[in-house]
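Novice: Got a structure here, written out as structure tokens. Questions coming.
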Amino acid sequence: LLTGLKILFENELAVADFLLPNKVCLLYVSEGDMVAGNGFRRKLVRYRNASSSFQQLVLAERTRLSEQYFSALQKFVVLDLGLSLLPVGGQTEASQLITQIVHGEGRENPFRRRTSCRLLDSITLAMVQQIPGVGKVRAVTLMQNFPSIQEISNASPAELEPLVGQASAQQIHSFFHAHLTPGN
């Protein structure tokens, strides 16, 4: 392995092969595992079923020898189990990838699954931007202080003013509290 990583050996990893400090656990499927048969499938299922707060990734050796087994493994891991699969050329490439994952701790993980929460946040953000006088910057500011549209609508102009200014605060409050007359 490359320098700069502290390696600890642990006998109690359960089904994971590696636990990384940035809440990622890895299961390694070697070329030998794939060629030997389907015994590794049980381990993959146990790995997926392990109630872990860690993000679960599967590293699999994709070599000339394992190529014919790889597509079946890919379908099983990704489609059947819903896990992320990262093909590697061998143990050296796997160690380099693990090092990159560990050292990339401060950056956003591209393999992390997007949660429906983020989708809902983007929908809510788009809806808040529909309020007259509220653009993207003000919408983000409002959502950071009021987690729901209902809370924004219940906020007084005095609560909104420090965030968006006096005129916009009044405009936002009026948007939610204007009385509609019949026929409008």
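Novice: Which of the residues that make up segment 44-77 are of a type in the set (Phe, Trp, Tyr), more than 19 Å from the chain's Cα centre (by Cα) and either over 21 Å from Thr92 (Cα atoms) or surrounded by fewer than 16 Cβ atoms within 10 Å (Cβ to Cβ) (or both)?
Specialist: Phe76 - this is the single residue of segment 44-77 that is of a type in the set (Phe, Trp, Tyr), more than 19 Å from the chain's Cα centre (by Cα) and either over 21 Å from Thr92 (Cα atoms) or surrounded by fewer than 16 Cβ atoms within 10 Å (Cβ to Cβ) (or both).
Every residue, every condition in (1) of a type in the set (D, E, K, R); (2) within 24 Å of the chain's Cα centre (by Cα); (3) modelled with pLDDT of 80 or more, yes or no:
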{"site": "Ser95", "(1), (2), (3)": "no, yes, yes"}
{"site": "Glu105", "(1), (2), (3)": "yes, yes, no"}
{"site": "Leu119", "(1), (2), (3)": "no, yes, no"}
{"site": "Ser122", "(1), (2), (3)": "no, yes, no"}
{"site": "Leu125", "(1), (2), (3)": "no, yes, yes"}
{"site": "Ile131", "(1), (2), (3)": "no, no, yes"}
{"site": "Pro157", "(1), (2), (3)": "no, no, yes"}
{"site": "His173", "(1), (2), (3)": "no, no, yes"}
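Novice: In this structure, is Val137 out of contact with any Leu (no Cβ under 9 Å at 6 or more places or on another chain), modelled with pLDDT of 85 or more and among the aliphatic types (A, V, I, L, M)?
Specialist: When the stated conditions are applied, Val137 passes them.
Novice: Looking only at segment 135-152, count every residue that is among the basic types (Lys, Arg) and either under 23 Å from the mean Cα position of the chain (by Cα) or surrounded by fewer than 16 Cβ atoms within 10 Å (Cβ to Cβ) (or both) and tell me the total.
Specialist: Residues in segment 135-152 being among the basic types (Lys, Arg) and either under 23 Å from the mean Cα position of the chain (by Cα) or surrounded by fewer than 16 Cβ atoms within 10 Å (Cβ to Cβ) (or both): 1 in total.
Novice: May I ask you to list pairs of residues, at least six apart or on different chains, whose Cβ atoms are under 9 Å apart, with the first in segment 158-184 being within 17 Å of Val128 (Cβ to Cβ) and the second being loosely packed, with under 12 Cβ neighbours inside 10 Å and modelled with pLDDT of 90 or more?
Specialist: Filtered contacts from segment 158-184: Ala169/Ser156; Ala169/Ala158; Ala169/Pro162; His173/Ser156.
The values are calculated or read from the model by the stated rules, or taken from the named source; none is laboratory data. Note that the structure is predicted; figures quoted are calculated from it, not measured. Please note: Cβ atoms are built from the backbone with ideal geometry, for glycine as well, and neighbour counts cover all protein chains shown.
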